[in-house]
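Have a look at the structure below before the remarks.
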Amino acid sequence: MPHGWVLAASAVVTAALLAFHRTVHRVAGGPGGLLESFLPWLGLVVVALLGLALLRRSAVALTALLLPAALWTHLHAGLLLPRPEPGARDLVVVQHNVSDENGDPAGTARALADAEPDLIALEELLPSALPVYERTLAARYPHRTVQGTVGLWSKHPLTEAGPLDIKPRGITEDWSRALRAVARTPYGEIAVYVAHLPSVRVRANGLASSWRNESAGLLGRAVEAEGLRTVILLGDLNGTVDDRGLAPLTSRMQAAERGFAFSFPASFPLARIDQVMARSARVSHIRTLPATGSDHLPVAALVSPDDGPANR
């Protein structure tokens with residue numbers, strides 16, 4: 001069993017990773033991105049060290065563990081709070097990468113609609129599967145826009161719908177994976193963005209994410225330039241909200257206040273890369289929905305638009 005001082009040193013290292021993960025990302029590059037992608041899991045390291053410290057009955061280790069425990073609580077404990085009751089101004093939104101290998105698009109569409117959201121955002125829509133989604137969702141979601149491989153279905157009227165160019169310079173083939181539309185909700189007009197950022201590859205030296213990061217920068221600039229006060233972003237961002245590669249986007253948006261909602265991979269979810277974020281609105285809770293035919297889990301969130309004059 002590790003000596004108490006070894007456990008204490010491990011606690012200090014864990015605390016340093018929690019406190020300075022952004023510095024690690026800048027210094028280490030790809031490996032730092034891996035750390036940020038799985039940052040909440042450092043809580044299990046703290047629990048394991050606590051168990052060993054109790055078995056060792058090491059006062060120095062237990063004292064040292066107070067630091068990473070406090071840091072993890074500060075960073076993530078709020079996400080464990082229970083789901084709040086929906087408010088009068090809450091919109092329910094669903095985000096799902098339905099997978100281009102999904103063998104049951106009709107069942108997937110029904111499962112998403114059963115959550116009774118106001119908005120449904122989908123990625124990896126294939127031309128062959130699109131009619132199935134349109135037919136299955138039409139009765140409850142009469143308003144829709146599809147641009148390339150992403151789509152938005154809405155209970156509320158949609159206007160100004162069109163594609164959004166977030167294609168990295170290195171991609172030469174046809175590539176349309178983002179859209180913008182304006183939803184005319186009971187709480188005013190809301191700009192809704194749906195995006196599917198490029199994939200990230202895990203390599204021996206960490207994450208290869210340059211295209212994803214470039215696309216996030218383009219999307220962040222589009223949100224910054226958005227004329228409407230309230231913005232909701234739904235998408236497969238191929239990164240967590242802690243990933244510094246997404247900072248040009250996440251620095252301009254509010255993430256969910258409660259809920260971990262690990263969405264990928266569906267067979268053993270390790271990280272939430274399917275995101276719901278907002279500007280001038282509160283994302284009070286996010287949760288996963290039951291598995292579909294996709295390799296992602298759907299996520300559903302409660303979004304409360306601010307009551308501001310520009311929203312009316």
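The values are calculated or read from the model by the stated rules, or taken from the named source; none is laboratory data. What you see is a predicted model, and the numbers here were worked out from it, not measured in a lab. With ideal geometry, Cβ positions are generated from the backbone for all residues, glycine too; neighbour counts draw on all protein chains shown. Areas reflect the complete protein model, heavy atoms only, side chains present, ligands, DNA and RNA absent. Shrake-Rupley method; radii C 1.70, N 1.55, O 1.52, S 1.80 Å.
Comparing Val13, Val98, Val132, which has the greatest mean-square fluctuation in the GNM of the chain with Cα pairs linked when under 10 Å apart?
Val13
Could you look at the stretch 78-231 and say what percent of its accessible area is carbon and sulfur, using a 1.4 Å probe and all protein chains?
49 percent
Which length gain, in nm to one decimal place, applies between Glu101 and Ser210 when the Cα-Cα distance is subtracted from 0.36 nm times their residue separation?
Difference between extended and current length: 36.7 nm.
Taking only complete DSSP H runs, can you tell me which helices of the chain stretch 20 Å or more along their own long axis by Cα positions and average at least 1.0 on the Kyte-Doolittle scale?
Details: long enough: 4-19 (22 Å, 2.00); 42-56 (21 Å, 2.50); 59-76 (26 Å, 1.43); 210-225 (23 Å, -0.35).
Once both thresholds are applied, what remains is 4-19, 42-56, 59-76.
When Rg is the radius of gyration of the Cα atoms in the chain and Rh is its Kirkwood radius, what does Rg/Rh come to? Provide the component values of the computation, followed by the final result.
Details: Rg = 20.7 Å, Rh = 20.5 Å.
Dividing the radius of gyration by the Kirkwood radius yields 1.01.
Label Leu80 and Thr63 with points 7 Å out from Cα along Cα→Cβ: what is the distance between them in nm?
The modelled label-to-label distance comes out at 2.5 nm.
Please give, to one decimal in nm, the separation of the simple spin-label points placed at Arg201 and Asp307, each 7 Å out from Cα toward the Cβ.
Taking the two extended label points, one gets 5.2 nm.
What do you get when you divide the Cα radius of gyration of the stretch 205-263 by 2.2 N^0.38 Å, with N the number of residues?
On the way: Rg = 12.2 Å, N = 59, 2.2 N^0.38 = 10.4 Å.
That works out to 1.18 for the stretch 205-263.
In percent, how large is the relative contact order of the chain, given Cα pairs closer than 8 Å and 6 or more residues apart?
19 percent
If I build a Gaussian network model for the chain, linking alpha-carbon pairs within less than 10 angstrom, which residue out of Ala261, Ala178, Ala291 has the largest mean-square fluctuation?
Judging by the Gaussian network model, the answer is Ala291.
For the chain, with a Gaussian network of springs between Cα atoms less than 10 Å apart, report the residue from Asp242, Asp114, Asp274 with the top mean-square fluctuation.
Highest fluctuation of the listed residues: Asp114.
So if I restrict to the alpha-carbon atoms in the stretch 157-239, what is the Rg, and what is Dmax, the biggest pairwise distance, in Å?
So, for the stretch 157-239, Rg and Dmax equal 14.4, 50 Å respectively.
Contour minus end-to-end for Leu126 and Thr73, with contour as 0.36 nm per residue of separation and end-to-end as the Cα-Cα distance?
Here the answer is 14.9 nm.
So what's the back-of-envelope 222 nm ellipticity for the chain, counting only DSSP H runs of four-plus at -39500 (n - 2.57) apiece and dividing by all residues, rounded to 500?
Helix contribution divided over all residues of the chain: -10000 deg cm²/dmol.
Per 0.36 nm of contour for each residue apart, how much would the distance between Ala9 and Val47 grow if the chain were fully extended, relative to their Cα-Cα spacing?
So the chain would gain 12.2 nm between Ala9 and Val47.
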